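Asker: First, the structure itself, so that you have it in front of you.
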């Protein structure tokens with residue numbers, strides 16, 4: 001029988017606690033970039049999946065309509081691919097306007113119209129959540145010829161593709177893309193084919209796939225395009241002039257073709 005003093009548990013010393021805390025901090029610093037990268041990759045994958053599903057709905061539409069493409073022109077057009085203006089408070093969160101679009105019947109899921117990294121638009125000084133992040137190439141789908149070229153700089157280019165057969169290089173022509181919250185309004189994305197002005201602009205921010213954006217092409221494949229020109233990161237409003245910007249030139253080449 002032991003009659004000595006009962007053993008006492010030895011606690012951590014201050015130095016040992018500091019060492020543990022320092023170790024945890026180092027591990028967190030090492031793991032955090034990997035976790036952020038994994039999160040960005042997952043969001044990017046979801047965004048591409050959304051675009052592919054919408055692109056498939058676009059293909060089904062012209063397959064059901066003798067090759068005629070869904071119309072992108074939005075003004076007073078009840079048969080446009082989608083309805084709603086994301087800059088209007090009454091429309092920004094209205095999923096019924098998604099359902100009224102001509103692609104919805106081929107892919108009945110309103111969630112695929114929105115990028116998971118989209119933070120919403122600023123309306124009257126407040127950020128409002130939106131139901132749509134994607135817009136369609138303004139050169140896709142016919143419209144009234146009297147409207148003229150859109151933009152006006154497109155006069156010597158194909159104004160619009162009416163049918164799938166009109167698209168000369170479907171693997172190089174984009175149909176839908178991930179538009180920036182500061183640019184998005186209707187579902188009609190206007191690109192200057194002469195590559196001088198960002199009329200509208202794709203997602204350009206760290207939280208939108210780390211300065212990249214998704215596109216779906218006429219042949220059905222989707223891609224992520226990363227911005228390469230430093231001037232692109234300065235774009236914050238529509239109709240920004242940046243002649244010679246390689247990102248704008250790349251997008252312009254994939255939007256339409258010379259007549």
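The values are calculated or read from the model by the stated rules, or taken from the named source; none is laboratory data. Please read all numbers here as calculations on a predicted model, not as lab measurements. Methodologically, a virtual Cβ is constructed for each residue, glycine included, from the backbone with ideal geometry; neighbour enumeration extends over all protein chains shown.
Asker: Across segment 109-126, what is the number of residues that are assigned to a loop (DSSP other than H, G, I, E, B) and crowded, with 23+ Cβ neighbours inside 10 Å?
Answerer: 2
Asker: Being buried (at least 16 other Cβ atoms within 10 Å of the Cβ), in contact with a strand residue (DSSP E or B) (Cβ under 8 Å, 6 or more places away or on another chain) and at pLDDT 95 or above narrows it down to one of 61, 73, 104, so name that one.
Answerer: None of the others qualify; the one that does is 73.
Asker: Over 24 Å from residue 61 (Cα atoms), in contact with a strand residue (DSSP E or B) (Cβ under 8 Å, 6 or more places away or on another chain) and modelled with pLDDT of 95 or more: which single residue out of 191, 240, 163 fits that description? Reasoning before the result, please.
Answerer: Details: 191 fails: over 24 Å from residue 61 (Cα atoms); 163 fails: over 24 Å from residue 61 (Cα atoms).
Within the list 191, 240, 163, the selection yields 240.
Asker: Please go through segment 224-245 and pick out each residue that is within 28 Å of residue 164 (Cα to Cα) and surrounded by fewer than 15 Cβ atoms within 10 Å (Cβ to Cβ).
Answerer: Once the filter is applied, which keeps residues that are within 28 Å of residue 164 (Cα to Cα) and surrounded by fewer than 15 Cβ atoms within 10 Å (Cβ to Cβ), segment 224-245 yields only 226.
Asker: All but one of (1) modelled with pLDDT of 80 or more; (2) buried (at least 16 other Cβ atoms within 10 Å of the Cβ); (3) assigned to a helix (DSSP H, G or I) hold for residue 40; which doesn't?
Answerer: Here residue 40 meets the rest and fails (1).
The rows are residues; the columns are (1) out of contact with any helix residue (DSSP H, G or I) (no Cβ under 7 Å at 6 or more places or on another chain); (2) in a strand (DSSP E or B).
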site	(1), (2)
216	no, yes
228	no, no
231	yes, no
238	yes, no
243	yes, no
247	no, no
252	yes, no
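Asker: Of all residues in segment 194-208 being free of Cβ contacts under 8 Å to residues at least 40 places away in the same chain and touching a strand residue (DSSP E or B) at 6+ places or on another chain (Cβ under 8 Å), which is surrounded by the most Cβ atoms within 10 Å (Cβ to Cβ)? Before you say what the answer is, go through the steps one by one.
Answerer: In the first step, residues of segment 194-208 are kept if they are free of Cβ contacts under 8 Å to residues at least 40 places away in the same chain; the result is 201, 204-206.
Subset that is touching a strand residue (DSSP E or B) at 6+ places or on another chain (Cβ under 8 Å): 201, 204.
On the way: 201: 27, 204: 22.
Per the criteria, the residue is 201.
Asker: Okay, next question. Which residues, counting only those in segment 98-108, are assigned to a loop (DSSP other than H, G, I, E, B) and either over 19 Å from residue 80 (Cβ atoms) or more than 19 Å from the chain's Cα centre (by Cα) (or both)?
Answerer: 100, 102, 108
Asker: Right, here's the next one. Of all residues being in a helix (DSSP H, G or I) and free of Cβ contacts under 8 Å to residues at least 60 places away in the same chain in segment 127-165, which is surrounded by the most Cβ atoms within 10 Å (Cβ to Cβ)? Just the residue, please.
Answerer: Here the residue is 153.
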